[in-house]
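Read through the structure below, which is laid out as structure tokens, and then see the notes.
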Amino acid sequence: MAPSATPESGNPATAAFYSALAEDDPAELYDNAPCAYLSMLPDGTVIKVNATFLTWTGYGQDAVFGRRFQDLLAPGDRIFYETHAAPLLLMQGSLREIAVAVTCPAGERLPVLLNAILKRDEAGQPLVIRAVMFDATERLAYERELLAAKHRAEESEARARVLAQTLQRSFLPPAIITVPGLDLGGAYRPAGDGSEVGGDFYDVFHLGPPDACGIVLGDVCGKGAGAAVVTALARYTVRAEALHVTTPSGILTGLHQALVAYYPDTFCTALFGLLEPVPGGHRLTAATGGHPLPLCRRADGSVETIGHPGSFLGMRKTARLNQFTAALSPGDTMILYTDGVTEGRRDEEFFGESGVAGVLGTAAAAGQTAQQIADSVVAAAVGFQDGVTRDDIAVVVVREPT
């Protein structure tokens with residue numbers, strides 16, 4: 001190829017460019033291009049091939065000329081080419097990045113990306129197919145490794161989710177206990193897809209006085225393994241304290257001291273309640289440390305907040321705890337919950353205490369059991385967030401049957 005202009009003698013770079021251009025042979029460029037070239041008749045018969053294709057595959061010219069291109073493909077790709085690629089090429093005149101594998105003489109397969117155009121004569125009849133192929137070996141290896149990495153990540157994520165669910169179950173009672181004269185229910189929903197351990201927990205257990213029970217709800221700051229350790233400490237510290245401490249405020253004081261002693265850089269909110277049978281119903285004696293206060297729907301349909309808030313537990317030297325009492329009479333229903341319920345958010349709106357009160361009123365009026373009410377509140381809070389919970393949710397319902 002002759003240069004179209006005379007290089008300036010005083011510019012070495014320009015002179016080198018035109019010198020290389022003059023030496024560049026189009027025939028040599030076609031034959032030893034960094035990609036494979038083939039020309040075929042409309043039925044796929046190969047009429048021209050460059051040296052790159054022969055080098056990649058190990059075929060000689062005589063083994064390729066006169067053969068149909070599709071006969072050089074692996075069986076599955078041959079069927080695909082004949083039933084899909086070739087008709088598409090004849091119909092629209094081109095193919096782009098079709099992944100196929102060429103079967104080499106020794107039986108190994110060469111993955112390639114095929115691009116092709118169909119040239120027609122003046123009458124519009126198919127004349128010749130010009131195809132270019134790029135070696136996709138490294139790309140295929142990369143895609144396989146990427147797919148394997150994706151599978152490993154999915155398996156790891158599944159194992160992490162199972163571990164998180166197993167740990168979380170250990171922070172919840174296996175079943176709500178039976179207490180004479182009371183209907184109890186509890187429900188829990190992890191944040192997001194449940195792949196990370198949350199800090200919310202609840203527990204309901206028998207205490208020393210006949211037919212008395214203790215209820216605790218807590219919310220440890222943070223998520224993951226660190227929060228799981230503190231959550232386990234909180235749940236079992238409350239159980240241990242309840243064996244020898246008689247007041248809810250004293251039990252939460254013991255939890256506060258344990259947090260300060262062992263995990264001084266974290267905190268939690270908690271509510272502990274003692275339910276004891278009394279004439280005409282049950283008496284609740286409870287204390288809160290920064291935790292949402294219980295709501296109670298009375299038998300007459302009114303809803304009220306019970307108790308007074310206290311300070312969170314941990315970090316500080318002392319905690320400010322408020323102990324209070326309330327009576328539960330036949331027909332009353334009380335709900336205790338973590339802030340994942342009320343702080344459920346949709347746009348700028350929160351589910352709030354009013355959302356809890358609304359579900360509680362409707363469910364209690366419909367005669368639902370304590371477990372059904374707990375499930376209804378969780379379902380409503382999750383639905384309010386369009387099914388994507390941003391925080392853990394724990395709920396305990398205490399119902400005094402009529």
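Miscellaneous remarks
- Across segment 197-214, coupling constants 3J(HN,Hα) worked out from phi with the 6.51/-1.76/1.60 Karplus curve, θ = phi - 60°, read 5, x, x, 7, 8, 8, 8, 9, 8, 6, 10, x, x, x, 6, 9, 9, x Hz, and Gly and Pro carry x.
- For the chain, the solvent-accessible area of protein heavy atoms averages 50 Å² per residue (probe radius 1.4 Å; ligands and nucleic acids excluded).
- FRET E, pair Arg316, Arg345, Förster distance 25 Å, beta-carbon r, rounded to 0.05: 0.30
- Whole-Hz couplings from phi, Karplus 6.51/-1.76/1.60, listed for segment 354-367; x for Gly and Pro: 5, x, 5, 4, x, 5, 4, x, 5, 5, 5, 5, 7, x
- Inter-site label distance for Thr137 and Asn32 at 7 Å from Cα along Cβ, in nm: 1.9
- Under-5 Å amide H pairs with Ala212, H placed in peptide plane, nonlocal only: Leu207
- Within segment 222-307: Cβ-based charge dipole about Cα centre, in debye rounded to nearest 20 (Lys, Arg +1; Asp, Glu -1): 160
- Tail beyond 23 Å, pair distance distribution of segment 13-142 (Cα, percent): 36
- Among residues other than Gly331 with Cβ under 10 Å from its Cβ, the summed charge is 0 (Lys and Arg +1, Asp and Glu -1).
- For P(r) over Cα pairs in 10 Å bins from 0, in percent, the value computed from the atomic coordinates appears in the list (1) 4, 20, 31, 26, 12, 4, 2, 1, 0, 0; (2) 4, 17, 19, 11, 6, 7, 10, 12, 9, 4, 1, 0; (3) 5, 22, 30, 22, 11, 5, 3, 2, 1, 0 under label (2).
The values are calculated or read from the model by the stated rules, or taken from the named source; none is laboratory data. Owing to the predicted nature of the structure, the values given are computational and were not obtained by experimental measurement. For neighbour counting, all protein chains shown are included, and Cβ atoms are generated from backbone atoms with ideal geometry for every residue, glycine included. In case anyone asks, the SASA skips ligands and DNA or RNA and just uses the protein heavy atoms, side chains included. Shrake-Rupley method; radii C 1.70, N 1.55, O 1.52, S 1.80 Å.
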